[in-house]
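Reading through the structure tokens given below for one structure.
The values are calculated or read from the model by the stated rules, or taken from the named source; none is laboratory data. Quantities reported herein were computed from a predicted structural model and do not represent experimental measurements. Glycine also receives a Cβ, built like all others from the backbone with ideal geometry; neighbour counts cover every protein chain displayed.
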Amino acid sequence: MADVAADHGAEGESERTPLLEWVAGAIGAILTLTLIGVLGWQAWTNPGDVPPEVTVRLEEVLPAGAGFVARIAGVNASPETAAAVEVEGVLSRDGEVVETARATLDYVPGHSEKRGGLFFAEDPREGDLRLRALGYQEP
Amino acid sequence: MSGQSKSEPQGLTSRDYAVDLFRAFGGAVLFAFPLLMTMEMWSLGFSMDRWRLVLFLLLNLVLLEGLAFVAGFRRAFSVKDDTLDALAAFGVGIVASAALLVALDLISWGMTADEVLGKIAVQAVPASIGAMAARRQLGDSEGEDERPDSFGGELFLMAAGALFLAFNVAPTEEMILIAYLMTPWHAIALVVVSILMLHAFVYSLEFSGQEDRPGGDGFWRSFWSYSLAGYGVALLVSLYVLWTFGRTDGVAPGQVAMMVTVLGFPSALGAAIARLVV
């Protein structure tokens, strides 16, 4: 109500924009321009239609129940997002495959990583654990 | 100026309060049911990072306090009454979501306390906002006697509206899927559309006093002070909600920018229509 009174009463008052409005507008403008800048940079550097490149990295191995869990991260080196990424861990000892575990990562966004886990009955730290992504779906 | 309303503090009886409480329950159910019937919300209850959940609940309390202050249904002009209103709304939100979760068999015996409490806590947020809003929306024509508008109050309302609408869609997988499907060019277009839409709402709903300003000053001032500032608020709220739900974990900044843009659209809409909703 004070606002209304000021608007009708003092003509000079309504010409001046309060500092808070300037600041809030400026913050909004900066955020918007930053966002457009980031998006524009992505658009500029976008290589076009490239496939996702997902590699699987071993984070750590922990005991889980009677067995073990190997915590993994699917890392996407390409700007394209991969969906339904199937990852596989093959544990072998002395050249013989002991165990295979699989998991599916819902999404691995471009230049990002998503974590998951593979369960093993044998300790994956003993032996050779090979991790790889088997395939993906375009989102 | 605000007219004599029967719900002035001195005129408030226990019966009035009971009626308001029923309205609050109605609002809680109305605002919470879309999220109650969203699959992702069920798992969020137990999968959400606990610290983020606690922070979210605390911020919700601050939000309710602010809403009580801006649009206190009892014309409560004291911090004590505002706090009581906020706590009552939160309480209504918790009870309403717990009851509905039981009714839909989403919480039952055999679940851990952690899961049950988590589910109720997440659902209580939209329900409590609904409880707070209902007292105003479903109540007698009390829209006139709000507090005098201040710019800070408007910004707060925009944030509340943005949070509410963003929260309604943020848990769904569609939000991130859309972000993954869009190219950056689509996203830039969406930014422009969001701002234009926000401005159209701001201008047509006529945030108090804007229409009185002489000449072309009103347009640019409302664009700068409300539309741009409001979009900034919407972006920050979107980022916060995405972070709260763990959508940003391990995701590259570029992809986060896309998600923020996508969620920024409903957020901006929420900021624009905040006056009508909350």
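Structure summary
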read-out: The listed residue being over 22 Å from B:Val241 (Cα atoms) and of a type in the set (Phe, Trp, Tyr), out of B:Phe31, B:Phe90, B:Phe46, B:Phe22; value: B:Phe22
read-out: Failed condition for B:Trp220, given (1) modelled with pLDDT under 90; (2) among the aromatic types (Phe, Trp, Tyr); (3) buried (at least 17 other Cβ atoms within 10 Å of the Cβ); value: (3)
read-out: Test: residue in the range B:204-217 that is within 25 Å of A:Gln42 (Cα to Cα), surrounded by fewer than 19 Cβ atoms within 10 Å (Cβ to Cβ) and either modelled with pLDDT of 70 or more or at the interface with chain A (Cβ under 9 Å from one of its Cβ atoms) (or both); value: no
read-out: Verdict on A:Arg125 being touching a residue at least 60 places away in the same chain (Cβ under 8 Å), surrounded by fewer than 17 Cβ atoms within 10 Å (Cβ to Cβ) and more than 22 Å from B:Met182 (Cα to Cα); value: yes
read-out: Answer from A:Gly135, A:Gly116 - the residue that is touching a Leu at 6+ places or on another chain (Cβ under 6 Å) and either surrounded by fewer than 21 Cβ atoms within 10 Å (Cβ to Cβ) or modelled with pLDDT of 95 or more (or both); value: A:Gly116
read-out: When residues of the range B:48-87 are limited to those that are exposed (fewer than 14 other Cβ atoms within 10 Å of the Cβ) and either farther than 23 Å from B:Val237 by Cα or over 19 Å from the mean Cα position of the chain (by Cα) (or both), the one modelled with the lowest pLDDT; value: B:Phe77
read-out: The range B:148-179, subset outside any helix (DSSP H, G or I) and facing another protein chain (nearest Cβ under 8 Å), residue modelled with the lowest pLDDT; value: B:Pro148
read-out: For B:Val102: the one exception among (1) farther than 21 Å from B:Phe167 by Cα; (2) outside any helix (DSSP H, G or I); (3) aliphatic (A, V, I, L, M); value: (2)
read-out: Pairs where the first residue, in the range B:234-251, is closer than 21 Å to A:His111 by Cβ and without any contact (Cβ under 8 Å) to a residue 40 or more places away in the chain and the second is β-branched (Val, Ile, Thr) and in a loop (DSSP other than H, G, I, E, B), C-beta under 9 Å, 6+ apart; value: B:Leu239/B:Thr248
read-out: Hits in the range A:106-139 (condition: in a loop (DSSP other than H, G, I, E, B) and farther than 19 Å from A:Pro79 by Cα); value: A:Ala121, A:Glu122, A:Asp123, A:Pro124, A:Arg125, A:Glu126, A:Gly127
